[in-house]
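Trainee: First the structure, which I've put down as structure tokens, then a few questions once you've had a look.
FYI, it's all coordinate maths here, none of it is from the lab. Bear in mind that the values here come from a model prediction, so they are computed numbers and not experimental data. Please note: Cβ atoms are built from the backbone with ideal geometry, for glycine as well, and neighbour counts cover all protein chains shown.
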Amino acid sequence: MINKMEIANMVFEGVSRSISVAPKYCSKIKHKSAPCTICYTLCPVQAIHVGGPGETITVEWDKCTGCGMCVSQCHSQVYKLRHGGYSKFIDKLTSHISPKGELVISCSENHVYNRNVAVVECAGIFNVVDILVLYLRGASKMTIKYGICSECQSKHGSKVLEQEIKHLQLLSTIFSDLKDMEIIFESDSVRLIFPIQHEVYEIIEEEKPNPTVNRRGMFSFFKDTLRESLLKSADMVTVETLEPRTQIDFTHEETARRKQFLECIMSLGNIMKEEVETGMLFNNIEIDESCVYCGMCARFCNTGALAINEDRTEITFNPSKCISCGMCEKSCYHFKLHYKESLPLRTFFKDNIIASRDKSRITIADMKVFHE
């Protein structure tokens, strides 16, 4: 028989391999004035604690509800599903898409058993990118059910989902494939009806072992099934120990979610607008002519959206790489960099020159700034 200790070991085996935390990518760890507070503000049980520059992120895993909001909402992807976790997450949801393009997803609190319903821990686990991926995998009629969030441990699930739906509404004004999309809010769910159905990927089910071979085989099967069930239930938490100090990393790397977003919008038909309002998905930046070209904005940019050349005479901005973390504006000690209210879409994938100056005009004072 399987005792409690074996069950606990199975749980912790799953727990230790689910979410990874990479403090070095956190803007708060890099800069004292970083504006981002999303992870610990949204955490329904205040399990996340973010230190100052050079410190670390601590998570009280025994308090964690596994809602996944830190994973879905972190701009810099400090919190990520490990060991192919995101791919498995999307594949699991894709397997529930019917041949007619119907997909019903329910949070665990609102779930009534039905094998055709995909169950997730919380509605807040979804980012607009996840919804686009599922749509492009064939989910043209999507229903996401949630319970009474105010009475749930996770609290903010429907609030986060509604925010992501607003981002989807913005995209529906830009791309022709989403033009006639319907969004229907109900008391415990939201329905998304897309005008075009994309290809449904065929999921090949793995063969399950026969549990009726003999008594020993039956218990072996039961143990394997229990292990799989426990691993799934522990799929959103981890017990990893983080170092008390973080070596600040100034390398530039596009996040996987941003790359996924760019791949999605490339599949969304014709563009119906020349210019869009800026916000979470699209951004634009301007720099005053009096910029001293210290390069701090480029140094603190996580994704390399901002760059300065070796001569420090030209600063470029690529909107497609921008994750709207706000670090560039906060790291500009001379207050010369500002966000703009709109973005011409023709410049979205380009390295746009937003500041430049003649090399002959560089002064001794400028050279001192470079040195510092």
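Trainee: Sum up the charges of everything whose Cβ sits under 15 Å from the Cβ of Thr37, counting Lys and Arg as +1 and Asp and Glu as -1, but leave Thr37 out.
Mentor: Neighbourhood net charge equals +4.
Trainee: Hey, another quick one. Net charge within 15 Å of Lys155 by Cβ-Cβ distance, Lys/Arg positive one each and Asp/Glu negative one each, not counting Lys155 itself?
Mentor: Taking every other residue near Lys155 into account, the sum is -2.
Trainee: For Glu341, Glu263, which order do you get if you count the other beta carbons within 10 Å of each Cβ and list the fewest first?
Mentor: Glu341, Glu263
Trainee: Now for a separate question. Would you please give the residues with an amide H less than 5 Å from that of Ser189, counting only those at least 5 places away or on a separate chain, with H modeled from the backbone geometry?
Mentor: The answer is Tyr146.
Trainee: With a ≥ b ≥ c the root eigenvalues of the C-alpha gyration tensor of segment 273-371, is it rounded (a/c under 1.5), prolate (a/b larger than b/c) or oblate?
Mentor: prolate
Trainee: Using a 10 Å cut-off around each Cβ, can you sort Tyr40, Tyr135 from fewest to most neighbouring Cβ atoms?
Mentor: By the 10 Å Cβ count, ascending, the order reads Tyr40, Tyr135.
Trainee: Quick one: compute the contact order of segment 273-371, relative version, from alpha carbon pairs under 8 angstrom and 6+ residues apart, as a percent.
Mentor: It rounds to 39 percent for segment 273-371.
Trainee: Shifting gears a bit: Could you tell me the number of lysine pairs in segment 273-371 with C-alpha atoms less than 28 Å from each other, where the two lysines are 8 or more residues apart or belong to different chains?
Mentor: 19
Trainee: Where does the charge balance sit around His338 when Lys and Arg score +1, Asp and Glu -1, over other residues with C-beta under 13 Å from its C-beta?
Mentor: -2
Trainee: For a quick check: sort Tyr339, Tyr79 by the number of other beta carbons within 10 angstrom, fewest at the front.
Mentor: Starting with the residue having the fewest Cβ neighbours, the order is Tyr339, Tyr79.
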